[in-house]
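Working notes, structure below.
The values are calculated or read from the model by the stated rules, or taken from the named source; none is laboratory data. It should be emphasised that the depicted structure is a prediction, and the values quoted were computed from it without experimental measurement. Cβ atoms come from the backbone with ideal geometry, glycine included; neighbour counts cover every protein chain shown.
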Amino acid sequence: MSKIVFVNPNKLERAKVLLDLLDGKKISPDKISFSEQDRLKEFYEAGFEADEVDKKDRLEYIYVKLGGLVRTEAEQSAAEKKAAKMKKEFEKKSEADKKKLEDED
């Protein structure tokens, strides 16, 4: 099976904080307010039970619930290549536009 790539690092960090909360670790109130901790714990624990989530899959489950995009390594590689190609085309067009503006002056 191909390894999963978590595309959004901010959502991955949030998922890790939530997983720490569920594992009983102390969470700083700047990460999750004390008033929200019990509600979030109940929400995710109920989801784990309802969806029969294996312990090893909890991080991915939380990440996806947060709206994070997951890809296989092959999908991520293809996306990175496409992004690089688009960036190169954009830069080429930007250079052409700059040259055109300079020629008009």
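Does ILE27 meet the test of being modelled with pLDDT of 95 or more and touching a helix residue (DSSP H, G or I) at 6+ places or on another chain (Cβ under 9 Å)?
On the way: modelled with pLDDT of 95 or more: no; touching a helix residue (DSSP H, G or I) at 6+ places or on another chain (Cβ under 9 Å): yes.
When the stated conditions are applied, ILE27 does not pass them.
Please specify each residue of segment 22-42 satisfying the condition of being in a helix (DSSP H, G or I) and loosely packed, with under 12 Cβ neighbours inside 10 Å.
Taking segment 22-42 first, the residues in a helix (DSSP H, G or I) are 22, 34-42.
Correct list: PHE34, SER35, ASP38, ARG39, GLU42.
Considering segment 1-21 alone, what residues qualify as being touching a residue at least 40 places away in the same chain (Cβ under 8 Å), among the hydrophobic types (A, V, I, L, M, F, W, C) and closer than 18 Å to ASP54 by Cβ? Break it down into steps so the answer makes sense when it comes.
So the first thing to find is which residues in segment 1-21 are touching a residue at least 40 places away in the same chain (Cβ under 8 Å), and the list is 2-8, 11-12, 14-16, 18-19.
Imposing the further condition that a residue be among the hydrophobic types (A, V, I, L, M, F, W, C) reduces the set to 4-7, 12, 15, 18-19.
Residues satisfying the conditions are ILE4, PHE6, ALA15, LEU18, LEU19.
Taking the criterion of being of a type outside the set (A, V, I, L, M, F, W, C) and either more than 19 Å from ARG14 (Cα to Cα) or at pLDDT below 90 (or both), would at least one residue in segment 55-68 satisfy it?
Filtering segment 55-68 down to residues of a type outside the set (A, V, I, L, M, F, W, C) leaves 55-58, 60-61, 63, 65, 67-68.
Next, from what is left, pick out any that are either more than 19 Å from ARG14 (Cα to Cα) or at pLDDT below 90 (or both): none.
Within segment 55-68, not a single residue is of a type outside the set (A, V, I, L, M, F, W, C) and either more than 19 Å from ARG14 (Cα to Cα) or at pLDDT below 90 (or both).
Under 7 Å between Cβ atoms, at least 6 apart or on separate chains: pull out the pairs that start in segment 70-85 with a residue that is closer than 22 Å to ALA15 by Cβ and end on any residue that is surrounded by fewer than 11 Cβ atoms within 10 Å (Cβ to Cβ).
Sorted first by the residue in segment 70-85, then by its partner, the pairs are THR72/SER2; GLU73/SER2; GLU73/LYS3.
Please enumerate the residues belonging to segment 44-63 that are surrounded by 12 or more Cβ atoms within 10 Å (Cβ to Cβ) and not acidic (Asp, Glu).
TYR44, GLY47, PHE48, VAL53, ARG58, LEU59, TYR61, ILE62, TYR63
Say whether the condition of being surrounded by fewer than 13 Cβ atoms within 10 Å (Cβ to Cβ) and either more than 16 Å from VAL5 (Cβ to Cβ) or of a type in the set (Lys, Arg) (or both) is met by at least one residue in segment 70-82. Even if it seems obvious, please write down each step before you answer.
Step one: list which residues in segment 70-82 are surrounded by fewer than 13 Cβ atoms within 10 Å (Cβ to Cβ), which gives 73-74, 77-78, 80-82.
Then drop every residue that is not either more than 16 Å from VAL5 (Cβ to Cβ) or of a type in the set (Lys, Arg) (or both), which leaves 81-82.
Yes, there is a match, as at least one residue in segment 70-82 is surrounded by fewer than 13 Cβ atoms within 10 Å (Cβ to Cβ) and either more than 16 Å from VAL5 (Cβ to Cβ) or of a type in the set (Lys, Arg) (or both).
Need the failing condition index for TYR44 against (1) touching a residue at least 60 places away in the same chain (Cβ under 8 Å); (2) in contact with a helix residue (DSSP H, G or I) (Cβ under 7 Å, 6 or more places away or on another chain); (3) more than 15 Å from LEU12 (Cβ to Cβ), just the number.
(1)
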